[in-house]
1. Work out the FRET efficiency for Asn60 and Gln229 from their Cβ-Cβ distance, taking R0 = 45 Å, and round it to the nearest 0.05.
2. Structure shown: which of Lys125/Lys195; Lys240/Lys260; Lys112/Lys260 lie over 26 Å apart, alpha-carbon to alpha-carbon?
3. What does the C-alpha gyration tensor say about the overall shape of the range 165-265? Classify as rounded when a/c is under 1.5, otherwise prolate if a/b is larger than b/c, or oblate.
4. Quick one: length gained pulling Cys74 to Asp159 fully straight, 0.36 nm per residue minus the C-alpha distance?
5. Only helical DSSP H runs with n ≥ 4 go in: add -39500 (n - 2.57) per run for the chain, normalise by residue count and round the 222 nm mean residue ellipticity to 500 deg cm²/dmol.
6. Given Phe13, Gln136, Thr26, which one lies farthest toward the positive end of the charge dipole of the chain, if we put +1 on the Cβ of every Lys and Arg and -1 on the Cβ of every Asp and Glu?
7. Compute the distance from the alpha-carbon center of the range 120-163 to that of the range 30-93, in whole Å.
8. Just add up the charged neighbours of Trp71: K/R +1, D/E -1, any other residue whose Cβ is under 15 Å from the Cβ of Trp71.
Amino acid sequence: MSAVFEALGAELFEACVQDNADRVKTLTSKPIIINWTMVLIAAAEWRARGIASYCMTQTNRLDLADGVLRWVACNEDSDQVCRFLVDSDFVTVDHPIDRWGTTLGIVAATGKANRHSLVAYLLEKGADPNRTLEMQGHMRILTCAAGYSDAEMVGLLLDHGAHLSGSGALVFAAEKGKMQTVKLLIARGADVNEKGVATYIRRSLLSLGSPLHKAVENGHVAVVDVLLQAGADLAVTDAKGRTAADIAAAKGMHADILSKLGRPS
């Protein structure tokens, strides 16, 4: 909380810690610019309900929620802040952060290993795992997690109702070389020949391809082996009409790989 302390100063920070609403009102009545986001973060960290309620009356409630939840999404030690705000009904569990997405989506897609407990909490509170992330071209939360986080995170989302069909999660996991996630998604019924999804970030439909195409394209040989063992179709073509073997040949990949892809040297 050192950043919060520095932003507020000793007096205001201490008043938040003590849930001294009268003192906070006195300090914030001075003709200075008050960072209400930081005040609310400090109040939430110390479970100061009176001060949190007062913050909500001092500025635009939605802007304030956006600011605090952005801080939660970017700071790994902020789980308690998020839990307090949701438990106290200061924010909804699926509050849409302007131009970003929901807290669940952002945290699930960051790839931080110690954020699984917050994701599990949000899901238990009813957060929707089937929303999309605006900051990722409106890609589904599950798909983002498949590419940027780990198999445990993906499993959490699936266990709480994330829709696998049509998500492109396996394509993105294969593209990023996420071996354990690829195995999990296949075990959970992902279509090994799906073509992925177009997003606002990947505007061209010509970027679409199967998990095998993406694994070959990015040199993830071990993932290629897993996909082949799962029955990936060698004849499937990507949006440019190429088979996985065509891509491998163009990249000058080893003869053993070409042979596996149905193109003997």
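Every number here is computed from the coordinates shown, using simple stated rules; none is lab data. Owing to the predicted nature of the structure, the values given are computational and were not obtained by experimental measurement. Because the Cβ atoms are built from the backbone with ideal geometry, glycine has one as well, and the counts that use them run over all protein chains shown.
1. Working: r = 54 Å, r/R0 = 1.20.
E(calc), rounded to 0.05, equals 0.25.
2. On the way: Lys125/Lys195 33 Å; Lys240/Lys260 21 Å; Lys112/Lys260 35 Å.
Flagged as over cut-off: Lys125/Lys195; Lys112/Lys260.
3. Numbers: a/c = 1.80, a/b = 1.22, b/c = 1.47.
It comes out oblate by the Cα gyration axes.
4. Working: separation 85, 0.36 × 85 = 30.60 nm, distance 2.47 nm.
Between Cys74 and Asp159, full extension yields 28.1 nm more.
5. On the way: 17 runs with 142 residues, N = 265.
Rounded to the nearest 500, the figure is -14500 deg cm²/dmol.
6. Gln136
7. For the range 120-163 versus the range 30-93, the Cα centre distance is 24 Å.
8. Numbers: positive: Arg70, Arg83, Lys112, Arg115; negative: Glu6, Glu45, Asp63, Asp66, Glu76, Asp77, Asp79, Asp98.
Net of charged neighbours comes to -4.
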